[in-house]
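Trainee: My structure is below; once you've seen it, I'll send some questions.
Please treat every number below as a calculation from the coordinates, not as lab data. Treat the numbers as computed from the prediction; the structure is a model and nothing was measured. Counting neighbours? That spans all protein chains shown, and the Cβs are built from the backbone with ideal geometry, glycine included.
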Amino acid sequence: SSPACLPAAACGMVPAWRQAAGALGMGGGEWWRGAVIYQIYPRSFFDSDGDGVGDLPGITGRLGHVAYLGVDGIWLSPFFTSPMKDFGYDVADYCDVDPLFGTLADLDALIADAHARDIRILLDFVPNHTSDQHPWFRESRTSRDNPKADWYMWRDPAPGGGPPNNWRSMFGGGGWKWCEERGQYYYHAFLAEQPDLDWRNPAVVAAMHEVLRFWLRRGVDGFRVDVIWHLLKDPQWRDNPPNPDFRPGEPEVRKLLQIRTCDQPGILDLVKGFRRVLDEFPDTALIGELYLDFERLCGYYGEALDGCHLPFNFHLIMDPWRADVVARSIETYEAALPKGAWPNWVLGNHDNGRVASRFGRGQARVAAMFLLTARGTPTIFQGDEIGLESGVIPPDLVRDPQEKNEPGLPGHDRDIARTPMQWDATRFAGFSTVEPWLPLVPGHETCNVAVEAADPRSMLTLYRRLIALRRARPALAIGDVMVLTGANDVLAYMRCRGDERVCIALNLGASPREVALPEAAGGRIVLSTGLDRDGETVGETVSLGPDEGVVIEVA
Ligand code: NOJ
């Protein structure tokens, strides 16, 4: 019983990702469908000037690693002018580079070098809030009638005094800050130093569209949009209701359901506005950051696919790593996707613990195999490809404002995912010549790019092989998916394109498994997360070792 396949595709010699993409500058369009994206957190990638903090020339200098990995695009976390209260997610000038990271000329050089290697560049667009040091806010706060007076979310105190309503900050504490100068409160969904813009004001929309155009004209290939589902708030400023599921130990903001501050009616119109701007430039991609369930997140594609190309799917971060859960996720997601929409999967980012620590080392390999064989564009977070574990940050070295505001909440410390990239076994892991801004992960003498590149058993080798396989097989890059099983710790699915069928069987448990997979019978193992099974022929059942996943070519 072979799964239904798409009509045979004339594949020729063109690799799968290129069939979907078209070469850079050739106007192929929709490159993001067949692509693998790599997130770079500039502070922690490579320090070229010896100040302990990564920078843009450092990224350019290490593009060889990105090319060696084999990814198609890079998303750069913010490098814009910023007081760095939230490490660049507090932007004081959207159209310039912070001196900590370099100059606009450095960025141009990075874009040019990446493009010469056929690697696309996506920037981080942070529209929900600016820094309180942004000229727009500095003007807005001065009076109730200045030209920028209604660019932010200003409100009078509640009738009895105090904040206008019960909205909280995502980073702990109240969401309203009193401004003496203006005699009003302003709302901040994150830090008080990150005032929220008022996206119901057309002047804000127009100014931010110009920011997008500024970078698109410079040649960037698209954006990841920060907290895109936060942009609109309830126009009646109603309280958020209590969350009956709140449990002690969770961030305080979870005490309330964010139904008046997130995912509001009308948000899609703003997303479509971004998309129209991107569509002025060929081959660009719009990715949205959204921690939402499948049904709501799929709304951000737009009914006519006129919203985000890829609304981020964070279910591998939000949900337990279990075969039945992931199998159900695939099916729920596929059913929720609008016709023609293309899915995506994310395993980690700079806001969450490292996958190697969340899932354990063995399962991190299985998860990598899932990420890179799933139907949908994968996003890899820098460092996950070497199996970097979560950092251990002594209390006096904590940098993350979220952790500082609400210390000790499990899973709430973001520094642990932001430790420096580990390039080699030298004192500062080849990241810098001085003590880095965050400590290295212990064991960098073995967990680093140089050591792992030479080791066929390493995580890096596994990532490279998976990416190469994905690029070579249209079934993996752009094919259909059919779930075969999600029971007894085993997740198995078929990827299929034309005559090409690939079966993936993953053991999400620590005990060996024997699984009946008649769909894979006669197939040949082309990759295992363990070792030495290449070329093994598969019968009616597949045996999987503890923490083992295999890719089987069936036809
Ligand atoms: C999401 C970003 O990923 C996170 O790092 C940041 O702190 C918040 N948005 C606020 O911009």
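Trainee: Could you please give the count of residues in the range 393-451 that are in contact with a Cys (Cβ under 7 Å, 6 or more places away or on another chain) and closer than 22 Å to L56 by Cβ?
Mentor: Taking the range 393-451 first, the residues in contact with a Cys (Cβ under 7 Å, 6 or more places away or on another chain) are 422, 441.
Add one more test, that the residue is closer than 22 Å to L56 by Cβ, and what stays is 422.
Adding up the residues that qualify gives 1.
Trainee: Filter the range 193-228 down to residues that are of a type outside the set (A, V, I, L, M) and within 16 Å of the ligand (Cβ to nearest atom) and give me whichever is nearest to the chain's Cα centre (by Cα).
Mentor: Among them, the one singled out is R224.
Trainee: Given the condition within 25 Å of Y300 (Cβ to Cβ), part of a loop (DSSP other than H, G, I, E, B) and more than 15 Å from the ligand (Cβ to nearest atom), answer yes or no: does some residue in the range 362-374 qualify?
Mentor: Yes, there is a match, as at least one residue in the range 362-374 is within 25 Å of Y300 (Cβ to Cβ), part of a loop (DSSP other than H, G, I, E, B) and more than 15 Å from the ligand (Cβ to nearest atom).
Trainee: Within the range 62-88, restricting attention to residues that are in a helix (DSSP H, G or I) and touching a strand residue (DSSP E or B) at 6+ places or on another chain (Cβ under 9 Å), which residue is farthest from L469 (Cα to Cα)? It would help to see each step written out before you state the result.
Mentor: Looking only at the range 62-88, we keep the residues that are in a helix (DSSP H, G or I), and these are 63-69.
Next, only the ones that are touching a strand residue (DSSP E or B) at 6+ places or on another chain (Cβ under 9 Å) stay: 63, 66, 69.
On the way: L63: 21, V66: 16, L69: 12 Å.
Across the range 62-88, the extreme among qualifying residues is L63.
Trainee: Can you pull out the residues in the range 111-136 that are assigned to a helix (DSSP H, G or I) and either within 13 Å of the ligand (Cβ to nearest atom) or not hydrophobic (A, V, I, L, M, F, W, C) (or both)?
Mentor: Selection gives D113, H115, P135.
Trainee: Looking at the structure I just gave you, is I59 more than 16 Å from the ligand (Cβ to nearest atom), under 27 Å from R471 (Cα atoms), in a strand (DSSP E or B) and among the hydrophobic types (A, V, I, L, M, F, W, C)? Break it down stepwise before answering.
Mentor: Details: more than 16 Å from the ligand (Cβ to nearest atom): yes; under 27 Å from R471 (Cα atoms): yes; in a strand (DSSP E or B): no; among the hydrophobic types (A, V, I, L, M, F, W, C): yes.
No.
Trainee: With the structure loaded, tell me whether L107 is under 28 Å from W32 (Cα atoms), within 16 Å of the ligand (Cβ to nearest atom), crowded, with 20+ Cβ neighbours inside 10 Å and not small (G, A, S) or whether it fails that test.
Mentor: On the way: under 28 Å from W32 (Cα atoms): yes; within 16 Å of the ligand (Cβ to nearest atom): no; crowded, with 20+ Cβ neighbours inside 10 Å: yes; not small (G, A, S): yes.
No; evaluated as a whole, the condition is false for this residue.
Trainee: Residues of the range 473-485 being outside any strand (DSSP E or B) and either within 25 Å of R322 (Cβ to Cβ) or out of contact with any strand residue (DSSP E or B) (no Cβ under 7 Å at 6 or more places or on another chain) (or both), which ones? Even if it seems obvious, please write down each step before you answer.
Mentor: Quick first cut of the range 473-485, residues outside any strand (DSSP E or B) only: 473-479.
Selection gives L476, A477, G479.
Trainee: Turning to a different aspect of this structure: Count, please, the residues in the range 465-480 that happen to be closer than 22 Å to A364 by Cβ and touching a Phe, Trp or Tyr at 6+ places or on another chain (Cβ under 7 Å). So that I can check it myself, show each step before the final result.
Mentor: Within the range 465-480, the subset closer than 22 Å to A364 by Cβ is 465-471, 476.
Of the ones still in play, those that are also touching a Phe, Trp or Tyr at 6+ places or on another chain (Cβ under 7 Å) are 471.
Total meeting the criteria: 1.
Trainee: While we're looking at this one, here's another question. Which residue out of V325, V277, V253 is buried (at least 18 other Cβ atoms within 10 Å of the Cβ), part of a helix (DSSP H, G or I) and out of contact with any helix residue (DSSP H, G or I) (no Cβ under 8 Å at 6 or more places or on another chain)?
Mentor: That would be V253, the only listed residue that is buried (at least 18 other Cβ atoms within 10 Å of the Cβ), part of a helix (DSSP H, G or I) and out of contact with any helix residue (DSSP H, G or I) (no Cβ under 8 Å at 6 or more places or on another chain).
Trainee: Any residue that is within 26 Å of the chain's Cα centre (by Cα), within 30 Å of R471 (Cα to Cα) and crowded, with 16+ Cβ neighbours inside 10 Å - is there at least one of those in the range 89-100?
Mentor: Start the filter on the range 89-100 by keeping residues that are within 26 Å of the chain's Cα centre (by Cα), which leaves 89-100.
Right, trim to within 30 Å of R471 (Cα to Cα) and you get none.
No; the residues of the range 89-100 include none that is within 26 Å of the chain's Cα centre (by Cα), within 30 Å of R471 (Cα to Cα) and crowded, with 16+ Cβ neighbours inside 10 Å.
Trainee: If you don't mind, another one. For the range 164-190, what are the residues that are more than 16 Å from the ligand (Cβ to nearest atom) and not in a strand (DSSP E or B)?
Mentor: Those that are more than 16 Å from the ligand (Cβ to nearest atom) and not in a strand (DSSP E or B): P164, N165, N166, E180, E181, R182, G183.
Trainee: Among the numbered criteria (1) more than 24 Å from D269 (Cα to Cα); (2) of a type outside the set (K, R); (3) away from the ligand (no atom under 16 Å from the Cβ), which one does W151 miss?
Mentor: W151 satisfies all of (1) more than 24 Å from D269 (Cα to Cα); (2) of a type outside the set (K, R); (3) away from the ligand (no atom under 16 Å from the Cβ) except (1).
Trainee: Which condition from (1) over 26 Å from V205 (Cα atoms); (2) in contact (Cβ under 8 Å) with a residue 24 or more places away in the chain; (3) out of contact with any His (no Cβ under 7 Å at 6 or more places or on another chain) is the one that K272 breaks?
Mentor: (1) is the only condition that K272 fails.
Trainee: Just the residues that are in a helix (DSSP H, G or I), more than 23 Å from R168 (Cβ to Cβ) and not small (G, A, S), please, taken from the range 205-231.
Mentor: V205, M208, H209, E210, V211, L212, R213, F214, W215, L216, R217
Trainee: Going through I267, I228, I259 one at a time, which residue ends up being within 22 Å of N313 (Cβ to Cβ), exposed (fewer than 15 other Cβ atoms within 10 Å of the Cβ) and of a type outside the set (F, W, Y)? Even if it seems obvious, please write down each step before you answer.
Mentor: Values: I267 fails: exposed (fewer than 15 other Cβ atoms within 10 Å of the Cβ); I228 fails: exposed (fewer than 15 other Cβ atoms within 10 Å of the Cβ).
Of the residues listed, the single one that is within 22 Å of N313 (Cβ to Cβ), exposed (fewer than 15 other Cβ atoms within 10 Å of the Cβ) and of a type outside the set (F, W, Y) is I259.
Trainee: A further question follows. Evaluate the following for P83: is it surrounded by fewer than 20 Cβ atoms within 10 Å (Cβ to Cβ) and not hydroxyl-bearing (S, T, Y)?
Mentor: Numbers: surrounded by fewer than 20 Cβ atoms within 10 Å (Cβ to Cβ): yes; not hydroxyl-bearing (S, T, Y): yes.
So P83 fits the description; yes.
Trainee: Taking R254 as meeting all but one of (1) in contact with a Phe, Trp or Tyr (Cβ under 6 Å, 6 or more places away or on another chain); (2) within 24 Å of V36 (Cβ to Cβ), write down the number of the exception.
Mentor: Failing condition for R254: (2).
Trainee: While we're here: Would you check if there is a residue in the range 383-399 being on the phi > 0 side of the Ramachandran plot and small (G, A, S)? Steps first, answer last, please.
Mentor: First pass over the range 383-399, keeping only residues on the phi > 0 side of the Ramachandran plot: 383, 387.
With the extra rule that they be small (G, A, S), the set shrinks to 383, 387.
There is at least one residue in the range 383-399 that is on the phi > 0 side of the Ramachandran plot and small (G, A, S).
Trainee: What single numbered condition from (1) in a loop (DSSP other than H, G, I, E, B); (2) within 14 Å of T485 (Cα to Cα); (3) not hydroxyl-bearing (S, T, Y) fails to hold for E519?
Mentor: Condition (1) is where E519 drops out.
Trainee: How many residues does the range 343-364 hold that are surrounded by fewer than 24 Cβ atoms within 10 Å (Cβ to Cβ) and either of a type in the set (D, E, K, R) or more than 16 Å from the chain's Cα centre (by Cα) (or both)?
Mentor: Total meeting the criteria: 9.
Trainee: Looking only at the range 233-264, which residues are hydrophobic (A, V, I, L, M, F, W, C) and more than 16 Å from the ligand (Cβ to nearest atom)?
Mentor: Residues of the range 233-264 hydrophobic (A, V, I, L, M, F, W, C): 237, 246, 253, 256-257, 259, 262.
If the condition is that a residue be hydrophobic (A, V, I, L, M, F, W, C) and more than 16 Å from the ligand (Cβ to nearest atom), then W237, F246, L256, L257, I259 are the ones that fit.
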